[in-house]
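The structure appears right after this line, and notes come after that.
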């Protein structure tokens, strides 16, 4: 009978009291509450991480748009400069062409005069 009493004592020692059960339930509730907070914080962190990615993408897009505008401005300036150079070289070409025609006419005129003088000299010598 002593052995039975020992088992009873031992089983009564291992069985939680009402206060301990209440405390265990309270701790379980706190753990569940903390798990919920952790899950919500994880979701918030993922959301913020997504927001950071979106902000990074928006910043990159803005940088590209700014660069695109700068390049567009440079292209516009270069196109205007190119057009100016085309006009300048066309004027120079036209001027050279006109001068060349004038020079040829002057040369032809001088050749004719030389030929006439040569003919006069030949007539005088004959």
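A convex hull fitted around the alpha carbon atoms of the stretch 70-126 yields 35 Å³ per residue. If the chain linking residue 120 and residue 32 were pulled fully straight, counting 0.36 nm for each residue of separation and taking away their Cα-Cα distance, it would gain 18.7 nm. Taken over the stretch 17-125, the alpha-carbon convex hull comes to 69 cubic angstrom per residue.
Computed from Cα positions, the angle between helix 2-14 and the longest principal axis of the chain comes to roughly 30 degrees. Only DSSP H runs of four or more residues enter the estimate; each adds -39500 (n - 2.57), and after division by the residues of the chain the mean residue ellipticity at 222 nm equals -36500 deg cm²/dmol. Between residue 53 and residue 101, the contour length at 0.36 nm per residue exceeds the alpha carbon distance by 10.2 nm.
All of the numbers you see were taken from the coordinates with simple rules; none came from a lab. From a predicted model like this one, the values you see are computed outputs, not experimental measurements.
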